[in-house]
Amino acid sequence: MSRPLCPRCTRPLNQCFCQSLSEEMACMDLVILQHPTETRHPLNTARILELGIKNCSIFIGENFEDNAELLAALKGRKTYLLFPGDDAITSEEALEQGKPEVLIVLDGTWRKAKKIYFTNIWLQALPCIALKDLPASNYRIRKAPGKESLSTLEATVALLREAGNDSQAHEPLLNVFDQMINQQINAMGQSTYQKNYQKNH
């Protein structure tokens, strides 16, 4: 039998994090373009952002060229893409030009994020932001190339903190992320975690 899930955060009821979050306003609107496979990921960090930030919207898919709702929401607004493209400028340089009205974030593995980027020509026309000083990731149950490989949640919060000049902004989001990771580690057992992940963190 499958475990009953919370209809809001979609976590098992005994792992529900809804009570740990209250909606906050970010210093810019967030639009997350999420690859469909990420909706089934046990650590769906875009879902934390959607539930914890009032001015955050998620659109699911690969091709958004004909998504009238999305394109209308961006029309005429100063929009940046958080993506380390070839012509990306640092977050510091971008903020010197004035805070974006909208920040677009791609949610998926690096391969899937690139697929979204190259599938949507209008995305390639947007100015890209690359984080300048990356914090160490707390994603302890992922085999990533390096400590600078951040989750969607961590990268977004890092940019929002820099843009808002507030090093503690949106801390509840990161706390929920840490809580979810600890739950996953407990479920797999310490021996499995230490064997497969701890040396990579």
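The values are calculated or read from the model by the stated rules, or taken from the named source; none is laboratory data. Because the structure is predicted, anything quoted here is derived from the model rather than measured. So basically every Cβ, Gly included, is an ideal-geometry build from the backbone, and we count neighbours across all protein chains shown. Ligands, DNA and RNA are excluded from the accessible area calculation, which covers all protein heavy atoms including side chains. Shrake-Rupley method; radii C 1.70, N 1.55, O 1.52, S 1.80 Å.
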Within 10 Å, count the other beta carbons around each residue, average over each peptide in 103-111, 159-167, 36-44, and list them highest first. 103-111, 159-167, 36-44
Nonlocal amide H pairs with Glu24, under 5 Å, H built at 1.01 Å: Ile53, Lys54
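Quick one: net charge of Cys27's neighbours, Cβ under 14 Å, K/R +1, D/E -1? Provide the component values of the computation, followed by the final result.
Numbers: positive: Lys54, Lys78, Lys99, Arg161; negative: Glu24, Asp29, Glu101, Glu162, Asp166.
Neighbourhood net charge equals -1.
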Would you work out what percent of the accessible area of the chain, with all protein chains in place, is carbon or sulfur (probe 1.4 Å)? 48
Comparing Glu93, Glu154, Glu62, which has the greatest mean-square fluctuation in the GNM of the chain with Cα pairs linked when under 10 Å apart? Glu93
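For the chain, what is the accessible area per residue in Å² when the probe is 1.4 Å?
Numbers: 10750 Å² over 201 residues.
So the chain comes to 53 Å² accessible per residue, rounded to a whole number.
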Under 10 Å, Cα contacts only: if you run a Gaussian network model on the chain, which one of Ser149, Ser22, Ser91 comes out with the highest mean-square fluctuation? Ser22
Cα extents of region 29-144 along the three principal axes, largest first, in whole Å? 38, 34, 29
If every alpha-carbon in the chain counts as one equal scatterer, what log10 I(q)/I(0) does Debye give at q = 0.10, 0.14, 0.15 1/Å? -0.43, -0.85, -0.98
Give me the net charge of Leu173's neighbourhood, meaning all other residues with Cβ under 12 Å from the Cβ of Leu173; Lys, Arg count +1, Asp, Glu -1. -4
